[in-house]
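Presented below is the structure to which this report refers.
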Amino acid sequence: MDFKKIERKWQKRWEEEKIFEVKESAKKKKFYVLDMFPYPSGAGLHIGHAFVFSLGDIFARFKRMQGHNVLYPIGYDSLGLPAENAAIEAGTHPEEYTKKSIANFMKQQKAMGWSYDWSRAVKTSNPEFYRWDQWIFLKMLEKGLAYRKKAPVNWCRKCDTVLANEQVIDGKCWRHEDTEVEIKNLEQWFLKITDYAEELLEGLDKLDWPDNAKKRQRNWIGKSYGTDIYFEIDGSDKVLPTYTTRCDTIFSVTFLAIAPESPLVNELVEGTDWEKDVKEFAQKLAKESLADRINEEKEKVGIFTGRYAVNPVNGERVPIYVANFALTYGSGVVMCDAHDKRDFRFARKYDIPLKFVISKDGKEIDANREDDAFVDDGILFNSGEFSGMKNREALPKMADWIEKKKWGKKTVNYKLRDWLISRQRYWGTPIPIIYCDKCGVVPIPEKDLPVKLPKDVKFGKGNPLKTNDKFVHVKCPKCKSDARRETDTMDTFANSSWYFLRYADPRNDKKIFDEKKANYWAPIDQYIGGPEHITGHLIYFRFYTKFLRDLGLLKFDEPALRYFTQGIVHGADGEKMSKSRGNVIEPLEMIKKFGADTLRLALVSFAGPDKDSSWDEKIVVGNHKFLKKVYEYFDGWKPGKTEAIVESKLNKTVKEVTDYIQNFKHNLAAIKLRNLFNSFVDGAIDKKSAETFLKLLHVYCPFVTEELWEKMGNKPFVSLADWPKFDGKKINEKFDKIDAAVDKTISDVLNILKIVNGEKIYVYVLPNELENYDAEVLGKRVGKEVRVFAVNDAKKYDPLGKSAKVKPGRPAIYVE
RNA sequence: GCCAGGGUGGCAGAGCGGUCAAUGCGGUCGCCUCAAAAGCGACUUCUCAUCACCGAGAGCGCGGGUUCGAAUCCCGUCCCUGGCGCCA
């Protein structure tokens, strides 16, 4: 079998006849299958790509054959840091790099047999694509969802630029191992994803996503119920709002901690004797990296501000400290008590008194005599009217009480932060903003979009966009005076947040997409991607979808109804594949060696596709052998009659395989297909049976099955054939029992042969079971001559009368 | 620390309350062959038994429990993998 020739032939035919291109249709039910689009790197496809996209293709082919109008597009997430870095290192322009990489990707994608609608391909580095990033940004700005704020960012002095978190390794720059990353406060653009926090959380309930993906998103959004409690500053009419989820410990509060970067610090110490010391200390603390401050190993430090606040519930005066463990989360002020480890240890260090209000049994314990915080749940004491209650039961009641007395307010909090989209980098979507001294922040008018990336920039130092004067120095769109253009670009997650909609109408140059088309194809019915995107991309694109819905463009709330997370394919050594380990498997090499069909089948045979697995070339070899046998069998196939036992197995397999594919259990489907094929080999099968098998196998091995389908005298393409249906009436469980009985008989015979020598085997069976035992098959399997008799056969040869031992399903045996 | 997932035969990996622990790889033996490869067939968790067969017992990280019955459910415990991270 010439795999290479077959693969080339069908690649060409699919492409020439455009069989995977689709249009909206009122007759067929649509189905949208999507793999997360790849970042086109110069290295070409890696095995992870080969795996995910094969999963998508299998599903797309499956749904197509089931009669759906399947949209299965592909594109390239071609903006981003790697292209820019490659450009710096290799001296090419990111655009050239990207162009080359995409061409290389396309070639390999076609070689894998993925059934994309190529006419819809998009790439994010195309201005015709990213102009709509800019358009969405302007819409968000209009709705108050895009805003500018000072925010801390990672900064490398040597690179003279901001670093993404991924580029900070152990607090050092990834390119300068000797350079500590600094935290700088810069004006940055944010998108107000927090406005959608509640909806993003609630929406998860309706989605058919893996439970752990949903849990991780819930966790990330981090909804918590708490209470804001107001502490009046002693000697002032000002109030410090503190946020807590544990208002049951309010009677335990003995001090407040305030974040060093909070503007409240200055306010508190202004004009006091403490001013100089506190300000200096706070500044020092604020410079510590966040990583250091939240590191449990590092000591918590702080300084007394000289000021006190009053606990509203009991009127107690408590000192206010500036402390590094207080973060600018919420108001940046924390109430501190003896039931929190950090608070407890901090208090010990600075000799602040402590008091417990919870113990196991409600008996009073003196915190000052204990070694550490009491963090367990228990029974309250010294807590006014709440003493004697279980703390967890008292908590909501205490929140109500505090709110009723107007000492505070119940609140809901989310861990989800607004999305910082500014990147001081070149290869991204330019943020469509102009800064004018007179008019301030001026959005670029929609009609002037896209703001194109200028090609003529210098790489190496800082943001390359700043090196193009023509780009930077522009006239203000409002007052026409000299102004400066925003040189930050957008996080590339902006592009991937709505690309799935562009596939519905990829060449529209008037609108982001035609609403009718988008609402026909979207939402995605089956999305497939890696686990690493759960708390990034998969949240952002839900946010964008909801925003575009609120603009009136979409009629649905969620971008992807069903989601499958594929596992990671590790190297043969079980470790992550990496060049330095030398365990990288190149898909292209595998295709050369074994063919794309084999690779596809092998990739889904390793393990459950949602589990991590280790590469094993032996599995590939095994699958290759199997395919070769399949090819040889069907190459020489002549129509015959399918036996009832095979017919039963065939129908059962159709049922099982259909179910397995629907649920991504390809490893199990592959086993069933092998078993079915093995039952073909000994006998004849009719045309319909042969076709059914090829159809089932086709989603895994599209090339070989197209070839065999044609050889069988069918019109092309099996790609467009109907998915087989099973006939439940033809499935007969009895056959399985017969199989088992025959196996058992063989094992009995061999067992006897271990004990006695013999050349001739006589098997005696009940008359109604006679047809289940084929002397020839038995003979082949035990390697001896076998004769089968019915027990009532008068002419049977049975010198020792063994036939008397026959039982139903259990033949008697005589060896001579 | 918290959350999620997992620990099954030489290896990879199914099974996730009801005979018997899929399947693949590896291994052993046999057939075929001058021989080898390929192919085909049998065996392959462990212990014990058997020169005639419908054998016996144990076993799914460890320890308990629920059940007529557990790899499968519950509790405890140890280890691995991934994610989150002093969010008050």
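The values are calculated or read from the model by the stated rules, or taken from the named source; none is laboratory data. Please read these numbers as outputs of a predicted model, since none were measured by experiment. Here the Cβ positions follow ideal geometry from the backbone for every residue, glycine too, while neighbour counts run over all protein chains shown.
Structural remarks
- So A:ASN368, is it away from RNA strand B (no atom under 14 Å from the Cβ), modelled with pLDDT of 90 or more and either assigned to a loop (DSSP other than H, G, I, E, B) or over 14 Å from A:THR249 (Cβ atoms) (or both): no
- Selection within segment A:630-663 - within 29 Å of A:LYS611 (Cα to Cα) and surrounded by fewer than 21 Cβ atoms within 10 Å (Cβ to Cβ): A:LYS655, A:GLU656, A:THR658, A:ASP659, A:TYR660, A:GLN662, A:ASN663
- Only residues that are assigned to a strand (DSSP E or B), within 15 Å of RNA strand B (Cβ to nearest atom) and in contact with a helix residue (DSSP H, G or I) (Cβ under 9 Å, 6 or more places away or on another chain) were counted in segment A:406-438, giving 5.
- Residue count, segment A:439-466 (criterion: surrounded by 22 or more Cβ atoms within 10 Å (Cβ to Cβ), part of a loop (DSSP other than H, G, I, E, B) and out of contact with any strand residue (DSSP E or B) (no Cβ under 8 Å at 6 or more places or on another chain)): 0
Yes or no, residue by residue, for (1) at pLDDT below 80; (2) over 26 Å from A:ASN667 (Cβ atoms):
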| position | (1), (2) |
| --- | --- |
| A:HIS698 | no, no |
| A:GLU710 | no, yes |
| A:PHE735 | yes, no |
| A:TYR762 | no, yes |
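- Qualifying residue in segment A:331-341 (condition: assigned to a helix (DSSP H, G or I), among the basic types (Lys, Arg) and modelled with pLDDT of 90 or more): no
- Residues located in segment A:715-745, provided they are buried (at least 16 other Cβ atoms within 10 Å of the Cβ), more than 40 Å from the chain's Cα centre (by Cα) and free of Cβ contacts under 8 Å to residues at least 40 places away in the same chain: A:VAL742
- Exactly one residue among A:PHE255, A:PHE304 is at pLDDT 90 or above, over 45 Å from the mean Cα position of the chain (by Cα) and surrounded by 14 or more Cβ atoms within 10 Å (Cβ to Cβ), and that residue is A:PHE304.
- Residue within segment A:158-172 that is over 29 Å from A:LYS397 (Cα atoms), modelled with pLDDT of 90 or more and either among the hydrophobic types (A, V, I, L, M, F, W, C) or within 14 Å of RNA strand B (Cβ to nearest atom) (or both) present: no
- In segment A:670-708, residue farthest from RNA strand B (Cβ to nearest atom) [restricted to those that are assigned to a helix (DSSP H, G or I) and touching a His at 6+ places or on another chain (Cβ under 8 Å)]: A:GLU706
- Selection within segment A:761-786 - farther than 21 Å from A:GLY809 by Cβ and near RNA strand B (Cβ under 10 Å from one of its atoms): A:LYS780, A:GLY783, A:LYS784
- Members of segment A:174-199 found to be outside any loop (DSSP other than H, G, I, E, B), at pLDDT below 80 and not charged (D, E, K, R), listed by number: A:ILE183, A:ASN185
- Of the criteria (1) at pLDDT 80 or above; (2) closer than 30 Å to A:GLU776 by Cα, which one A:ILE755 fails: (1)
- Test: residue in segment A:656-673 that is farther than 22 Å from A:ARG64 by Cβ and at pLDDT 90 or above: no
- Qualifying residue in segment A:795-809 (condition: more than 9 Å from RNA strand B (Cβ to nearest atom), aliphatic (A, V, I, L, M) and surrounded by 13 or more Cβ atoms within 10 Å (Cβ to Cβ)): no
- Residue that is farthest from A:LEU753 (Cα to Cα) [pool: residues in segment A:768-800 that are of a type in the set (Lys, Arg) and out of contact with any helix residue (DSSP H, G or I) (no Cβ under 9 Å at 6 or more places or on another chain)]: A:LYS795
- Of residues in segment A:650-669 being polar (S, T, N, Q) and within 11 Å of RNA strand B (Cβ to nearest atom), the one farthest from A:LEU599 (Cα to Cα): A:ASN663
- Filter result for A:VAL322 (modelled with pLDDT of 85 or more, in contact with an Asp or Glu (Cβ under 8 Å, 6 or more places away or on another chain), within 16 Å of RNA strand B (Cβ to nearest atom) and among the aliphatic types (A, V, I, L, M)): no
- Among the residues of segment A:589-613, the ones that are among the aliphatic types (A, V, I, L, M) and either surrounded by fewer than 16 Cβ atoms within 10 Å (Cβ to Cβ) or within 13 Å of RNA strand B (Cβ to nearest atom) (or both) come to 5 in all.
Conditions (1) assigned to a loop (DSSP other than H, G, I, E, B); (2) farther than 14 Å from A:ALA596 by Cα; (3) of a type in the set (S, T, N, Q); (4) in contact with a Gly (Cβ under 8 Å, 6 or more places away or on another chain), marked per residue:
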position: A:ARG8; (1), (2), (3), (4): no, no, no, no
position: A:GLU24; (1), (2), (3), (4): yes, yes, no, no
position: A:TYR32; (1), (2), (3), (4): no, yes, no, no
position: A:HIS49; (1), (2), (3), (4): no, no, no, no
position: A:LYS63; (1), (2), (3), (4): no, yes, no, no
position: A:SER78; (1), (2), (3), (4): yes, yes, yes, no
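- Taken together, the residues in segment A:551-576 that are away from RNA strand B (no atom under 13 Å from the Cβ) and either in contact with a strand residue (DSSP E or B) (Cβ under 8 Å, 6 or more places away or on another chain) or closer than 27 Å to A:VAL704 by Cα (or both) amount to 6.
- Being modelled with pLDDT under 90 and of a type outside the set (Val, Ile, Thr) is not true of A:ALA309.
- Residue in segment A:498-521 that is surrounded by 16 or more Cβ atoms within 10 Å (Cβ to Cβ) and within 16 Å of RNA strand B (Cβ to nearest atom) present: no
- Residue match in segment A:720-733 (condition: more than 16 Å from RNA strand B (Cβ to nearest atom) and closer than 23 Å to A:VAL777 by Cβ): yes
- Close pairs (6 angstrom Cβ cut-off, 6 or more residues apart or separate chains): part of a helix (DSSP H, G or I) in segment A:804-816, surrounded by 18 or more Cβ atoms within 10 Å (Cβ to Cβ) anywhere: A:LYS805/A:ALA812
- Close pairs from segment A:759-782: first part of a helix (DSSP H, G or I), partner at pLDDT below 80 and acidic (Asp, Glu), Cβ under 6 Å, at least 6 apart: A:GLY779/A:GLU785
- Whichever residue in segment A:614-649 is part of a helix (DSSP H, G or I) and touching a Gly at 6+ places or on another chain (Cβ under 8 Å) and, among such residues, is nearest to RNA strand B (Cβ to nearest atom): A:HIS624
- For segment A:336-360, the set of residues classified as near RNA strand B (Cβ under 8 Å from one of its atoms), over 20 Å from A:SER387 (Cα atoms) and surrounded by 16 or more Cβ atoms within 10 Å (Cβ to Cβ) consists of A:ARG342, A:ASP343, listed by residue number.
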